[in-house]
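I have placed the structure first, in the form of structure tokens, so that the comments after it can refer back to it.
The values are calculated or read from the model by the stated rules, or taken from the named source; none is laboratory data. Computed from a prediction, not measured in an experiment: that's the story for all the values here. Every residue, glycine among them, receives a Cβ derived from its backbone with ideal geometry; neighbour counts consider all protein chains shown. Surface areas here come from the heavy atoms of the whole protein model, side chains and all, with no ligands, DNA or RNA. Shrake-Rupley method; radii C 1.70, N 1.55, O 1.52, S 1.80 Å.
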Amino acid sequence: MEIPKRYAPAESEKKWIAYWEDKKVNKFILKSQKPVYSIDTPPPYASADHLHVGHGMHYSQFEFIARYKKMRGFNVFFPMGYDDNGLPTERYVEKKHKVDKSKITRKDFIKLCLEETEKTGKTYHDLFSDLGFSIDWDLLYHTIGDRAMKTSQRSFLTLFKNKRLEHIDQPTMWCTTCQTTIAQAELSNVDLKSHFSDIKFGSVDGQDLIISTTRPEMIPACVALFHHPDDKRYSKLKGKTAKVPLFNYEVPILSDESVDLEKGTGLMMVCTFGDKEDVEKWKKYELPMRVVFTENGYMNELAGKYAGMKSKDARKEILQDLKHAELIVAQKDIVHAVNVHERCDTEIEFMKKKQWQIKVLDMKEELMKLADDINWYPEHMKVRYVHWVKNLQWNWGISRQRYYGVPFPVWYCEECGEVLLPAEKDLPVDPREETYKGKCKCGSQKIIPEMDVMDTWMTSSNTPDINAAWKKELGAEFLPMSLRPQAHDIIRTWAFYTIVKSYFEREDIPWKDIMISGHGQDPLGQKMSKSKGNFVVAQDMIKKYSADAFRFWAATATLGEDLPFQEKDLVTGQKLVTKLFNASKFALMHLEDQDPKEQAFVGKMEAFDEWLLSKLNTLIRDATAYFDKYEYSRSRHMTDNFFWLTLCDNYLELVKDRFYNPEARGLTARKSGQFALREALGAVLKLYAPIMPFITEEIYSWKFAGEEEKDSIHNSDWPTFDEGLIKPEIEKSGDCAVAVLAEVRKYKSQEQLSMKAELSKVTITSKEDISGFLGDLKAATSAKEIELKKGDELKVEIKK
């Protein structure tokens, strides 16, 4: 193949993308004899017009693994899915189209969602294709598609059968912006400024009772006051009542051992509902319910004159009225952690709602033990999972009062409340659109559908099962899958929920390995967003520097750690691509007359060639070990050092004379160098191939593809190391010779001499035996004479 004079990344990338598609290089082969390596690819949310560099970084990092495993001889199952159902997509559509789902028909809203998910799917497809991802697009799935819907509904039926589901009607966390119930995993903690107010409640005997609160808007929701039974300050109040300020109704004064004697005044106001403690005491003592909020966050009629206000506005007004009534004893400004919904940053409330939940609290020990059956990379990420499970306080609520999601396969008998389920063979079903086939066992035909949809995690936690639909074609067991790659922030959601589902449904782990990555951030380490003005579009960087340069930057991140975006790193990647191109052109020019049938060098190998092959085999051994542990960044770093320093800066400079003047050193010396150079260049290309697929494919096609009879470097064999070629003593001597060359270069630079300037004599004192390196060293230094002396420290004396 003709070698181009210059490398044009845009043209080359377009060429190889088309070539890989035409040759089906990335195709997953059914009925292959190769072992399957399956990747549980994260299905991205269909909620973006443009994708920033962090998106490209995250997906690139496990794409490196897909290419590596393919070269290691695996039949790689690398699908793509789009998580295009549920709240993330709905919120995106509401924001983009400025619509309120409560003021639009379900049909019209779903139509908008479907239109946007199709657009976003193309956005991801274009980015991933531009980056050269080895995804088999024939394995594409959508979490709103029939296959995923069927899998998710089958999961529901299985969990119901296994008694891991319960239908409850109790207070649960509620987002007034998204107008839906949410799960504990969807909460974030944010520090907010507030006022900590000591407020007077009255008692029947005239004693002032002081309550400390940051939420005075909850006062009209108060249903009881509590103190600790050992608190002598309030022992006389047992069985009596208190009067709620401003609203002037009475509530009981009760005692409970959970009340903290040291917190505030020792009195606790219980409302319906401010937090989990309120919910627990409401249930335990069968207290009345006074919910003062509407579903969209406005005060209702129980709030009296404050009805119709947003809760924060009511907070201000109530505080003002308390001050005017001289009911505030003390007040201080504070900053405290508040639970907000991660999707919209709205402070959560509690609403009593019917919902389905998966019972996990009674299985926390078993779920923590499962972590030990999975290989975590990096290992310390397992602690995050265990910590999350250990501190769980709620079962997993899976009902969402939204439109765009997988419907529950549930109907109810209106007469007796019986839960009615379809047969598995009838899945998928949509009870909102379909009538129940049959009647209730009580004889009633008054059947109503479940109108809620499933939490999006209820479906995405089934991705191993969605992918396992291929196991029949494989003719082999598919689960557990080989790898789950994901970011660290969703260990508490995607990882946890998938483990829960797998254990409750199959009593097994979902995957053998889990690879946890970080996030791409702006240069200051902040999350990228358009509103902050720090959003760097991934494809803009690809066009400017090339896909390989972008992927090079993505491989900079240490596994599990966030990576601030630095454009200079892409410049470094761009320089590497250029250097690979030019160094390979130089090398292949001197390999044109090499017989490709010579699989091994016969004869006495030159010392510098042994030195190169020793370092090369050490590199292959260590880089392979790092890739096996998903530490692609360390593999790349080692390969960078070998290519730039060992191969280009030193070896090629040292052996040039053998290639340009074969008569002076003999044909055997030249063949020795050709063999070592070919081995090194071929291995370097393959070590870089998972990270920089385009430039390596380009160079591989010039010579190696024909010789190895492979249609692509990505279908070629990963290099293997030969322990017999690793020679520490040769490396020590060669390193010493390289140090001598560095001293000579330094001398010529200081003396303002050309690097080709002839030297009359170089005297070398060293404890290493470098006599075997003198031929190449003499030519590289242009020294007429080299004298060797023994000594403990390296010393180089030069005469012009």
**Request:** Among DSSP beta bridges lying fully in the chain, give the percent that are antiparallel, nearest 5.
**Result:** 70
**Prompt:** K544: accessible area at probe 1.4 Å, nearest 10 Å²?
**Reply:** 120
**Prompt:** Which pairs, out of K332/K352; K14/K710; K283/K369; K27/K111; K101/K354; K629/K710, put more than 23 Å between their alpha-carbon atoms?
**Reply:** K332/K352; K283/K369; K27/K111; K629/K710
**Prompt:** For the stretch 508-556 and the stretch 748-800, what is the separation of their Cα centres, given in Å?
**Reply:** 47
**Asked** What label, among (1) 88, 60, 51; (2) 85, 84, 58; (3) 112, 64, 45, belongs to Cα extents along the principal axes in Å computed from the structure on display?
**Response** (3)
**Asked** In whole percent, how big is the carbon plus sulfur part of the accessible area of the stretch 71-206, probe 1.4 Å, protein atoms only?
**Response** 50
**Message:** Using a probe radius of 1.4 Å on heavy atoms only, what accessible surface per residue do you get for the stretch 1-156? Whole Å² is fine.
**Reply:** 44
**Out-of-range pairs (alpha-carbon distance over 22 Å; input K284/K501; K604/K732; K568/K686)** = K284/K501; K568/K686
**Student exercise, the chain dipole from Lys, Arg, Asp, Glu Cβ charges, in Debye to nearest 20** = 640
**Message:** Please list, in order along the stretch 133-141, the HN-Hα scalar couplings obtained from phi with the Karplus expression 6.51 cos²θ - 1.76 cosθ + 1.60 (θ = phi - 60°), rounded to whole Hz, x for Gly and Pro.
**Reply:** 5, 8, 5, 8, 5, 6, 9, 5, 9
**Asked** To the nearest Å, what is the center-to-center distance of the stretch 323-387 and the stretch 663-682, using C-alpha atoms only?
**Response** 64
**Prompt:** For the stretch 287-330, which GluC sites (Glu not before Pro) are both in a DSSP coil and crowded by at most 13 other Cβ atoms within 10 Å?
**Reply:** E326
**Prompt:** Per-residue accessible area for H519 at 1.4 Å probe radius, Å² rounded to 10?
**Reply:** 70
**Request:** Quantify, in whole percent, the carbon and sulfur part of the accessible surface of the stretch 567-718 (1.4 Å probe; protein heavy atoms only).
**Result:** 48
**Complete:** In degrees, nearest 10, the alpha-carbon axis of helix 9-23 is tilted away from the dominant principal axis of the alpha carbons of the chain by 80
**Fill in**
Measuring from the longest principal axis of the C-alpha atoms of the chain, the long axis of helix 146-161 (C-alpha) lies at a number of degrees, nearest 10, equal to 60
**Asked** Leaving out same-chain residues fewer than 8 places away, which aspartates and glutamates sit with a Cα under 14 Å from that of K439?
**Response** E414, E415, E418
**Request:** For the chain, find the longest principal axis of its Cα atoms and tell me its angle to the long axis of helix 607-628, 0 to 90°, nearest 10.
**Result:** 10
**Request:** With a 1.4 Å probe and every protein chain left in place, work out the accessible area per residue of the stretch 336-420 in Å², rounded to a whole number.
**Result:** 43
**Asked** What figure in square angstrom, to the nearest 10, would you give for the accessible area of W611 with a 1.4 Å probe?
**Response** 0
